[in-house]
Structure formats: structure tokens, C-alpha cells
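Visitor: Handing you this structure, nothing more for now.
Every number here is computed from the coordinates shown, using simple stated rules; none is lab data. Note that the structure is predicted; figures quoted are calculated from it, not measured. Reconstructed Cβ throughout: ideal geometry from the backbone, glycine too, with neighbour counts over all protein chains shown.
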Amino acid sequence: MSTSTGRPAAFKSEVLLFPQPALQLIYDTAPIGLACLSPDCRYLQINQRLTEICGISVEDHLGRSVRDCVPALADSVEAIVQSIIATGEPVTGIEVAGQRADAGGDRSWITYWHPLRAPSGEIVAVNVAAEEITERKRSEREIRAARDAAEKALHHLQ
């Protein structure tokens, strides 16, 4: 069943799990992308920084599935979320490469996935943090290329 916004009926009650002003302040000011996904991979919360990373507005994420918002990553995201639901263990240090929907050029992010538990211990959501590492990856490629060129020049000198 859907609401008048086209979002699942359960969306409204799930969002009410996260009304805390302190949580909103963290989301609003974090220098990295943050999201909270339901066990069925719908966006319960997302910050502006993550929308800048992927190029889709906050409003266009909330209540919608990962498959709707970032179909190219949906299989991977769903597998990670299901792994966390099944094991209760976080999944950290996952590198993601891709392009923004509204901009060209390859970009890279490192992601961290952690379960959000109810007081009963049940996993009710998965928190995601994403840090863009495009510039770091570019610098690493440049360093490797410079090292390879230096080694080649040294080999020619010998």
C-alpha cells in the first residue's frame, strides 16, 4: 500500500523512528555522506552531503528504494544490507566507483555500513557513511605513474 506521495505506507512510521534533533544536526553538519536504510533498502534518512555525492535530492531519496535511486548499485547494496541483517556485523571499507547521474567522470567513495538496533536488539535499519575519495585515488594514480616513469628512466640510464 502506498501513501499519496507514492511512498510505501510503512514509510511514515519508519521515519518517525528518527525525529531526534541531535541526529538531524549530525546529518546536517557531517562532512561525509550519511544515510539510514530500512531492512528492505528504502531510504529512511539521508543528508545533503550524500545527495551531492550521488546527484539526487534528499526529497527524491526518502521512502524510495535503493533500486529506484541508484539502480547500478542496488544489487551490491541489497547484498550488504542483507548480510548485516543476517549476521549483525558491520561491513566496512567497501570502495565504490561510479559516476553521478548528473555529471560525467569516474568518482570513488569508501563506505561503512553498521546495523541500527532497537532496544530489543533487533536490527531495524542500517546506517551508511560514504566518504568521497576521488582525489585521493587520482593522486595515487599520479604517484604510481611518476614512480613507473622514474623506474623506466633509471632502467634506461643503467
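Visitor: For the stretch 70-81, enumerate the residues that are surrounded by 14 or more Cβ atoms within 10 Å (Cβ to Cβ) and more than 14 Å from residue 36 (Cα to Cα).
Guide: Passing the criteria: 70, 73, 74, 76.
Visitor: Might you let me know whether the stretch 86-105 holds any residue that is over 20 Å from residue 135 (Cβ atoms), under 13 Å from the mean Cα position of the chain (by Cα) and surrounded by fewer than 16 Cβ atoms within 10 Å (Cβ to Cβ)?
Guide: yes
Visitor: In the list 128, 96, which residue meets the criterion of being touching a residue at least 60 places away in the same chain (Cβ under 8 Å) and within 26 Å of residue 23 (Cα to Cα)?
Guide: Among 128, 96, only 128 is touching a residue at least 60 places away in the same chain (Cβ under 8 Å) and within 26 Å of residue 23 (Cα to Cα).
Visitor: Okay, next question. Out of the strands (runs of 3 or more DSSP E) lying entirely within the stretch 70-156, which hold 2 or more residues that are among the basic types (Lys, Arg)?
Guide: Because the criterion is at least 2 residues that are among the basic types (Lys, Arg), the strands (runs of 3 or more DSSP E) in the stretch 70-156 that meet it are 107-117.
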